[in-house]
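Below is one structure, written out as structure tokens; the observations come after it.
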């Protein structure tokens, strides 16, 4: 039923659904570009339309009182962002405990323009020895979906980010002026 409702909603809103679910039991799913609160709406509709159930993480303050159980029902996992390394190890542990698990993340980490992408998604996938799949929103063409492209992290994050950047090149967020370059912060 959720598939039908999601497909209908996307059609009414004028969006096209592209791609299909990866034939994998476990993977990290990154979504970009992220420039608006509407990204989550279209992202959840796209996921519903292809039958994807996934978990996502957000800072604890997003899970207030009575909303917390609802957000958790829809896959939310509250986290303490002040301890970066524990987030990565906690997510790797969750992957290791389950036979099927998809973790959806928006590496820009915010709707504002960023100079660099957050790299937690990469290290979660690398440490859990899992592939990275690519979800996308392209407001320019009104497309939402998951690409056929699967990236197996090599450990060379800069090289792998070139693959990621090339995939998302040309896709427009709702507010293109808020899109930053797809790069990682250089190690000093």
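For this structure, a couple of remarks:
- There is at least one residue in region 13-22 that is more than 19 Å from the chain's Cα centre (by Cα) and farther than 20 Å from residue 151 by Cα.
- Conditions (1) buried (at least 18 other Cβ atoms within 10 Å of the Cβ); (2) touching a residue at least 60 places away in the same chain (Cβ under 8 Å); (3) not in a strand (DSSP E or B): number failed by residue 29: (3)
- Screening 82, 40, 89 for residues that are over 14 Å from the mean Cα position of the chain (by Cα) and in a helix (DSSP H, G or I) leaves exactly one candidate, 89.
- Identity of the residue in region 167-188, more than 17 Å from the chain's Cα centre (by Cα) and assigned to a helix (DSSP H, G or I), that ends up farthest from residue 28 (Cα to Cα): 177
- Qualifying residue in region 57-66 (condition: touching a strand residue (DSSP E or B) at 6+ places or on another chain (Cβ under 7 Å) and more than 30 Å from residue 15 (Cβ to Cβ)): yes
- Verdict on residue 53 being in a loop (DSSP other than H, G, I, E, B), touching a helix residue (DSSP H, G or I) at 6+ places or on another chain (Cβ under 9 Å), more than 19 Å from residue 130 (Cα to Cα) and without any contact (Cβ under 8 Å) to a residue 60 or more places away in the chain: no
Here, each number is a calculation from the coordinates, and none is a lab measurement. Fair warning: this is a prediction, and the values are worked out from it, not measured in the lab. Glycine also receives a Cβ, built like all others from the backbone with ideal geometry; neighbour counts cover every protein chain displayed.
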